[in-house]
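First the structure, in the form of structure tokens, and then the observations on it.
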Amino acid sequence: MVLNRHSGRTSAEYFQSALLFIFEVAALCLPGLINQGPLVYPDTRSYFMGGRAAIEKAGGLFAHHGGGGESVEAAVQKARGVRSAFYSLFTYIPAVTVSLWLVIVLQAVIVAIVLRSVFRLAVPARTGWQATGSIVTLALFTTVSWVTCNVMPDIFTSIMALCIAMTLVYWHELGRRGWFWLLLGIAASMVMHVTNLPIALGLLVVGCVTIGGHLWRDRHRVAVVVAAMAAGVAAMLVVGVVGFHEWTITPQSPPFLLARSLQDGPGRLYLLKHCPAIGLDMCKHLDKLNLTTEKFIWDDDGLYSAVSPQEEARLRAEDKRIYVAAALEHPWMQASAMARNAMLQLVRFGIYEYYIPSWATYSASDMTLHIPAQAPWQTYVSVVEYCIVVGGLGFIAYAWRGLPRPLRQLAIMMLATVLLEAAAGAISEPVPRYEARVIWLIPMTALLIWFSKRPGWRLDRA
């Protein structure tokens, strides 16, 4: 992604730039180097197997009368659309053709390119080695390297947020090539995880508010973001229609809302009061109302993963109906639970769920994960992460008054990303990994502001 035009550079300068870039990528891969392999999470295997199912489905579409059609269809249905087919392919193809290492190296390359672009636009007066030093600092002291080295789609939430912010804030500095790459970056990042779409919508709204009265004049930058989001939605719809025969971006998505409502209380009270009169399938499982969201959906001894595919479909159909009815019947309980979950999500962002050591053994047909218990040192490192984030917020507040407008807009959008991620926790399970994937944007913003405040570095922007 080349966002600024450069001319007259010597071969030595290109060589130096390449060396600095390699150094940045290596720093972003540091947790993987310490682990002696990519970090894996229990969901990593689901993405890997989803990639295999997607390859088989694609092969079946091009085969005229090949055998095994029913088994391919069963594999695709078992994959469930909640796992992005795009990140599944992003995981599976590099792993089986080269190595699982290639997945995190590609992620590190993308992150380094995006961060270089952000620094080039926000603090254009700095030199190459200073940007490299900043990226290495972020890799060493924030969660960005941990998220990058985890074989999960989490890093693409931050990449998407940065691409949207660069498009809306630095439109005039980009040029047509920059617009194209950012459009591609937004669309490609959005399809990597289903929660990226609502976060993108929220960021678009925040960005339009920061533009203010110049919204019509700056409509082209907004149109590019909207076009990128539309392309992402279209791509996800194609997966839903072709792979699952459903016009939805979340085909066969488990009943997350139902599970969350049961754990928070409204769903449990609603079903106990109205069953069996309402005639729902959930009324057959009143002995399962005290399960956690994780156990309800994923455990074989829970509920959703233990029933037949036909009953799974019926539970999915009841998901939103029960959630809405229970929330209307117990509005205060639902509102307080959502506020509590969002707050928990906001303040839980350590590296607790990035396991060292962890590793995967795999073939083209299967993957086995090895994830021991969390090491105590990860708790100590997480304390440092909290201190850095709090310090970054304090510095942003201290320096706010004298910030140029573009940098202030960028800061608002980065803070909004963190809050939007926390808001997603209101209706999902608050887990450290979700907030950790975006919390590093706060120290990054503080670093940009610090550079702009240094003598001789102050930006002279309208």
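The values are calculated or read from the model by the stated rules, or taken from the named source; none is laboratory data. No experiment lies behind these values; they were computed from the predicted model shown. Note that each Cβ is placed from the backbone with ideal geometry, even for glycine, and that neighbours are counted across all protein chains shown. The area values use the complete protein model at the heavy-atom level, side chains included, leaving out ligands, DNA and RNA. Shrake-Rupley method; radii C 1.70, N 1.55, O 1.52, S 1.80 Å.
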Kindly provide the helix-only [θ] at 222 nm of the chain, computed as the sum of -39,500 (n - 2.57) over DSSP H runs of four or more divided by all residues, to the nearest 500 deg cm²/dmol?
-21500 deg cm²/dmol
Could you please state how large a percent of the accessible area of region 327-462 is carbon and sulfur, counting protein chains only and using a 1.4 Å probe?
68
Along the charge dipole of the chain, Cβ charges K/R +1 and D/E -1, which of Cys149, His285, Thr250 sits furthest on the positive end?
Cys149
Dipole of the chain [Lys/Arg +1, Asp/Glu -1 at C-beta], most positive-end residue of Met338, Ser382, Trp171:
Trp171
Can you list the residues, at least 5 places off or on another chain, whose amide H is less than 5 Å from the amide H of Trp440, using H built in the peptide plane?
Thr143
Have a look at region 363-449 and give its Rg and Dmax from the Cα atoms, expressed in angstrom.
17.1, 57
I'm spelling it out carefully: the read-out is Cα extents along the principal axes in Å, the candidates are [x] 81, 43, 42; [y] 71, 46, 40; [z] 72, 54, 50, and one was derived from this structure. Which label?
[z]
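Accessible area per residue, 1.4 Å probe, Å², for the chain: what's the number? Intermediate results must be reported in sequence, preceding the final value.
Values: 20550 Å² over 462 residues.
Heavy-atom accessible area per residue stands at 44 Å².
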Could you work out how far helix 219-244 tilts from the main Cα principal axis of the chain, as a 0 to 90 degree angle to the nearest 10?
30
Percentage, to the nearest whole number, of Cα pairs in region 109-223 over 19 Å apart:
50
Give the cysteines in the chain for which no other Cys Cβ lies under 4.7 Å away, or write none if there are none.
Cys29, Cys149, Cys163, Cys208, Cys387
Over the chain, calculate the relative contact order: mean separation of alpha carbon pairs under 8 Å at least 6 apart, over the residue count, as a percent.
20
Lys pairs under 26 Å by Cα in the chain, provided they are eight or more residues apart or on distinct chains
13
